[in-house]
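Q: Here it is, the structure, as C-alpha cells.
The values are calculated or read from the model by the stated rules, or taken from the named source; none is laboratory data. Bear in mind the structure is a predicted one, so any value in this text is a computation, not a measurement. Here the Cβ is made from the backbone with ideal geometry for all residues, glycine too, and neighbour counts use every protein chain on show. Protein only, heavy atoms only, side chains kept; ligands, DNA and RNA dropped before computing areas. Shrake-Rupley method; radii C 1.70, N 1.55, O 1.52, S 1.80 Å.
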Amino acid sequence: MTTPEIMRAVRATAHGGPEVLEPAEVAVPAPRPGEVLVRVGAVALNNTDLWTREGAYGRPGAPTARSGWRGPLNFPRIQGADVAGRVAAVGAGVDGSLVGLRVVVDPAIYDGDGPDANPVGLMGSERDGGYAEYVTAPADRVHDVTESPLTDDQLAALPTAYGTALGMIERGRLREGETVLVSGASGGVGLAAVQLARARGARVVAMSSGTKIDAVREAGAHEVVDRAGDVTGQIRAAAPKGVDVALDVVAGELVGEGLPLLREGGRWVVAGALGGYDVAFDVRRLYLHNAQVIGSAMHTPAHFGLLMDLARQGRVRPVIAAVFPLARAAAAQEELARRSHVGKIVMRP
C-alpha cells in the first residue's frame, strides 16, 4: 500500500474559538519503531476537542488557566482522538501483516503497560490526532475490527465516548439488576452509558431535555427524567428504592442534589463537568451511607479491549447525528457546541 508524501489536515494554531482551526497541507507522518500509520476513514468529535481547543481544562492550583488535557499544548496541534481506518504502513519492529487491517485506535496515552494503566494523555492533545488523512499510533494501541458489522462512522464514535462510559461503568462496579442514573444522556458519553448499562442488564434512569427524551428512550433508557423540571423529584419517582450507581458527566449542583438519592453503598462516578466544576455537597451523605464519589478519566487498556469485543460483535450501535467533511472542522465543532443533536458528530477526510 503506497502512501503520499503530503496530506490534508486541520490544525489548532492556538487556544481560542473555532477560528483557530486552520486547514493545512502537511507531511504524512512516518511511523516510528513500534508504530503504525493509519489512513483515517472517519474521526469523531468529542467535548474534549472543544475544551482542548479552548484550553478549558485548567491546571492544579490554577483552575482557570488555559491548558490542554494534561498540561500546556504544543501548537500547531492536529486534534481528533477518535479514529477508525486502515493500517497503511508499519514502523520498524512491527508485523507487516497489520497492513490493510481495518482498525480502531485507542487514543489514550497511558502511565504504564499493564491492563489497568491510567490514561495520562490523549491523542489530539498530547500528540497529533485524526483531523487528517493519516495518523500514527503505537501498534499495540490499534485494534483489529475488520470483521465488525459497524460502519467507519460508528467505529470512530466508540473510543472516547464509549470508552469513557465503559470506564465509568467498570469503576462504578455496575452489576446486572442495579439501578443506574445517567446524566447528560443525549450527548456522546451519556448515550453510550445508556446503551452499555442497558446491555449489562441494569435498570437505566436517564436525564435529558424534553426535545430529546424519545431518542434517549429509544437508545435503551427505561425511564427518562426531564432536566427542565423537578429533577430530584422525578428521580425519586423513577427509582423509589434509590440509585445504585450514577454515571455523571454534568456535575455542578447535580452532585450535591443527587448524593442523597444513592442507596446504601452507592457509587457516584464523575467523568465531566458540563454543569460546572465547583461542586459542594454534604459530606455526611458519604460516610453515613458508605457511599463513594469516584473520578473516572476515560478507560484502561482492559476496558478498551472489552469495548472492542462489543464492536466486533456489533453489540453496540452508536447513533450518528451528523457527518461533516474534514475541511469543515470548525463548523462541525460549532455544531457540537450547540448541543442540539443526539448522538455523535463525525468527519471524513
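Q: Find the strands (runs of 3 or more DSSP E) located wholly in the stretch 131-209 whose residues include 2 or more that are without any contact (Cβ under 8 Å) to a residue 60 or more places away in the chain, and list them.
A: Filter on the stretch 131-209 gives 203-208.
Q: Does Gly256 count as farther than 20 Å from Val180 by Cβ and open to solvent by 20 Å² or more (accessible area, probe 1.4 Å)?
A: The answer is no for Gly256.
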